[in-house]
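Visitor: Here you go, one structure.
The values are calculated or read from the model by the stated rules, or taken from the named source; none is laboratory data. Computed from a prediction, not measured in an experiment: that's the story for all the values here. Every residue, glycine as well, gets a Cβ built from its backbone with ideal geometry; the counts of neighbours run over all protein chains shown. When the accessible area is computed, the model is the full protein with side chains, heavy atoms only, and any ligands, DNA or RNA have been set aside. Shrake-Rupley method; radii C 1.70, N 1.55, O 1.52, S 1.80 Å.
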Amino acid sequence: MSDSFLTHLSCWSCGARQPAERLINVCTCGKPLRAEFDVRAARSVLSRDAFAARPRGLWRWRELLPCPPGAAPVSLGEGDTPLIPAPRLAESIGLRTLLIKDESLNPTGSFKARGMSTAVTMAAALGATKLAVPSAGNAGGALAAYAAAAGLEAHVFMPRDVPAANRLECALFGANVTLVDGLISDCGRLVAQRAAGEGWFDVSTLKEPYRVEGKKTLGYELAEQLGWRPPDVIVYPTGGGTGLIGMAKAFDELEQLGWIGPARPRFVAVQSEGCAPVVRAFAQGRGDCEPAPNAHTAAAGLRVPKPFADFVILKYLRISGGAALAVSDDDMLAATRELSAATGICACPEGGACLAALRKLAADGWIQSEETVVLFNTGSGLKYAEALRCVTPA
Ligand SMILES: Cc1ncc(COP(=O)(O)O)c(C=O)c1O
Ligand SMILES: [Zn+2]
């Protein structure tokens, strides 16, 4: 297999260039960094059909992912999740084609596995030995697993009321867990305060450049699964925004590679009414988010009061002609059960939130019946026993 076409990093905000050969968190201006690839060189030697013939998994895109020459990816079999048609749900919403990208089948039961596979691969290859993360839940579990796979130390900071399954998986994987009386933002402050003194490399969402690269494979897979035509609409549960940003980056790269045309999906960012900073900023025409006050929701992954890369999320939502929508926890939980019962997919509340939002958008006429819609189930409902108790028999 040939090497990665990764060349350098550039700032999502000021454009400053940084080397990709050393451990780095953010730009000197404090904003997130983006991994850049020599797509022109890649285009001359790579063919999209060759990728289809490779063994399944995220790392079949290796040349387009960050991985230093000679380094072995830290992998647990993530990626290449199914895109499952949901005809009965589609009919009930008035759509011809509704497809569910089922990310619950990833290692540790969520799409966070993708980002941690690439981030831990790079961190390990560049010499990190101790990794730390603030997490709403699933990212902590994923870091714990990939650190275990790489033989590295993991330090996970989570809100005290995080789903029990996330605490359990971190403990099983041997991570050091700190439960914090507060939100992911408070956890992030603690990691930032202690990282330098403890020798931890901080792998917070978009405070290192490579988790988003793993998430990018969502876009590659979707394009490939749909015959190299991205869908018309992508409905995505947005917390820190790595998946949304990753997919937008993926479609840009695929166009530069000549593998898809200029058409892009409209992105829909779905949040909870109890924590909707992106929805509010989008409605107000702002370029960044104000912290959501008193953030609360049963969808743990959506309890992010202020995404670090808010300006990138908002940019892509607007460029794509997309939308941002908040749903109530009651609607979200009812839709979680409906999604599961109508498809056999083990939906998480974040996936349920997407279904509730999709119903609203279709009812408002924002989506036409002949459009192809992809809805994300980002994790497994089995990790949310507490939140889903209200939709299960006593
Ligand atoms: C199941 C689930 N869905 C969605 C999200 C939000 O993802 P992102 O931070 O990429 O927006 C999370 C984040 O923790 C999550 O765990
Ligand atoms: Zn910068």
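Visitor: Considering only residues that are surrounded by 15 or more Cβ atoms within 10 Å (Cβ to Cβ) and at pLDDT 95 or above, which ones fall in the range 68-83?
Guide: If the condition is that a residue be surrounded by 15 or more Cβ atoms within 10 Å (Cβ to Cβ) and at pLDDT 95 or above, then Pro73, Val74, Ser75, Leu76, Glu78, Gly79, Asp80, Thr81, Leu83 are the ones that fit.
Visitor: Another question, then. If only one of Ala309, Ala263, Ala276 is more than 16 Å from ligand 2 (Cβ to nearest atom), over 23 Å from Lys360 (Cα atoms) and hydrophobic (A, V, I, L, M, F, W, C), which one is it?
Guide: None of the others qualify; the one that does is Ala263.
Visitor: While we're looking at this one, here's another question. Considering only residues that are open to solvent by less than 60 Å² (accessible area, probe 1.4 Å), within 22 Å of Gly188 (Cβ to Cβ), part of a loop (DSSP other than H, G, I, E, B) and not basic (Lys, Arg), which ones fall in the range 282-325?
Guide: Listed by number, the residues that qualify are Gly287, Cys289, Ala292, Ala295, Thr297, Ala298, Ala299, Val304, Pro305, Pro307, Ala309.
Visitor: Any idea which residue in the range 358-369 is surrounded by the most Cβ atoms within 10 Å (Cβ to Cβ), counting only those that are in contact with a strand residue (DSSP E or B) (Cβ under 8 Å, 6 or more places away or on another chain) and assigned to a loop (DSSP other than H, G, I, E, B)? If you could, list the steps in order and put the result at the bottom.
Guide: Taking the range 358-369 and keeping what is in contact with a strand residue (DSSP E or B) (Cβ under 8 Å, 6 or more places away or on another chain), we get 358, 360-361, 366-367.
Checking which are assigned to a loop (DSSP other than H, G, I, E, B) leaves us with 366-367.
Values: Trp366: 16, Ile367: 24.
Looking at the filtered set, the residue picked out is Ile367.
Visitor: Looking at the range 30-52, which of its residues are more than 10 Å from ligand 2 (Cβ to nearest atom), in a loop (DSSP other than H, G, I, E, B) and open to solvent by less than 60 Å² (accessible area, probe 1.4 Å)?
Guide: Result: Leu46, Ser47.
Visitor: To continue, here is another question. Only one residue in Leu375, Leu382, Leu355 is of a type in the set (A, V, I, L, M), open to solvent by less than 10 Å² (accessible area, probe 1.4 Å), part of a helix (DSSP H, G or I) and away from ligand 1 (no atom under 11 Å from the Cβ), so which one is that?
Guide: Numbers: Leu375 fails: part of a helix (DSSP H, G or I); Leu382 fails: open to solvent by less than 10 Å² (accessible area, probe 1.4 Å).
So the residue among Leu375, Leu382, Leu355 that is of a type in the set (A, V, I, L, M), open to solvent by less than 10 Å² (accessible area, probe 1.4 Å), part of a helix (DSSP H, G or I) and away from ligand 1 (no atom under 11 Å from the Cβ) is Leu355.
Visitor: In the range 4-29, how many residues are away from ligand 2 (no atom under 13 Å from the Cβ), surrounded by fewer than 17 Cβ atoms within 10 Å (Cβ to Cβ) and under 20 Å from Phe201 (Cβ atoms)? First the steps, then the outcome.
Guide: Of the range 4-29, the ones away from ligand 2 (no atom under 13 Å from the Cβ) are 4-8, 19-23.
After this cut, where a residue has to be surrounded by fewer than 17 Cβ atoms within 10 Å (Cβ to Cβ) as well, the list is 7-8, 19, 21-23.
Now narrow it down to the ones that are under 20 Å from Phe201 (Cβ atoms): 8, 19, 21-23.
Going through the range 4-29 one residue at a time, the tally reaches 5.
Visitor: All but one of (1) open to solvent by less than 20 Å² (accessible area, probe 1.4 Å); (2) within 11 Å of ligand 1 (Cβ to nearest atom) hold for Asn138, so report the exception by its number.
Guide: (1)
Visitor: Hey, could you check the range 196-212 for residues that are within 18 Å of Ile184 (Cα to Cα) and touching a Gly at 6+ places or on another chain (Cβ under 7 Å) and say which is surrounded by the most Cβ atoms within 10 Å (Cβ to Cβ)?
Guide: The first filter runs over the range 196-212 and keeps only residues within 18 Å of Ile184 (Cα to Cα), leaving 200-208, 211.
When the remaining residues are screened for being touching a Gly at 6+ places or on another chain (Cβ under 7 Å), the result is 204-206, 211.
Values: Ser204: 23, Thr205: 27, Leu206: 25, Arg211: 30.
Checked the range 196-212; the qualifying residue surrounded by the most Cβ atoms within 10 Å (Cβ to Cβ) is Arg211.
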